[in-house]
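Down below is the structure, laid out as structure tokens.
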Amino acid sequence: MFIQELFDGLTKDSCTVVKENEHSLQKIEMPDVLYSTKDMAKAGFIHKPTDNSPDVAQCFFCYKELEGWEPEDDPLKEHKSHSPACNFILLNKAVEQLTVEEILKLQKERQKFHIKMSCKHVIEKFEEAAKSKRGDIIKLAMEG
Ligand SMILES: [Zn+2]
């Protein structure tokens, strides 16, 4: 029962991501760009527009952001070339074809990836602060 509920939850989550992607990407109003919103969603992209970049798309798994889409771009090929280590891309499967094991693995890897990114951000902030403090200490020592 627990496994079934977990599976339902994860499946629903994965499918929702794609549906939301499709829905979100369909809001793009750029007549010059002819790529399919469905292909964008199937390639794992979520529409993340900003004021300066209305066509930013971000991978739901690896968080890679791509912009400046051209009509001839293939979203899946672009994803593969710009983020070859993305676990979603490495699975090489449509979301609806994923097995329970693959969904669980993907969720686990996504969580690990997210933790890694968060830690990297905290370490960078710490190193920045340490560098600034080191500068203050040297300045004080020179004055004294
Ligand atoms: Zn990705």
field: Conditions (1) buried (at least 16 other Cβ atoms within 10 Å of the Cβ); (2) at pLDDT 90 or above; (3) not polar (S, T, N, Q); number of the one not met by Lys133
entry: (1)
query: Do you know which residues across the range 61-116 are exposed (fewer than 15 other Cβ atoms within 10 Å of the Cβ) and among the β-branched types (Val, Ile, Thr)?
result: Thr99, Val100, Ile115
task: For the range 42-144, please list each of the helices (runs of 4 or more DSSP H) lying entirely inside it that holds at least 3 residues being within 11 Å of the ligand (Cβ to nearest atom) and free of Cβ contacts under 8 Å to residues at least 40 places away in the same chain.
output: 75-82, 87-91
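The values are calculated or read from the model by the stated rules, or taken from the named source; none is laboratory data. Computed from a prediction, not measured in an experiment: that's the story for all the values here. Glycine gets a Cβ as well: all are built from the backbone with ideal geometry, and neighbour counts include every protein chain shown.
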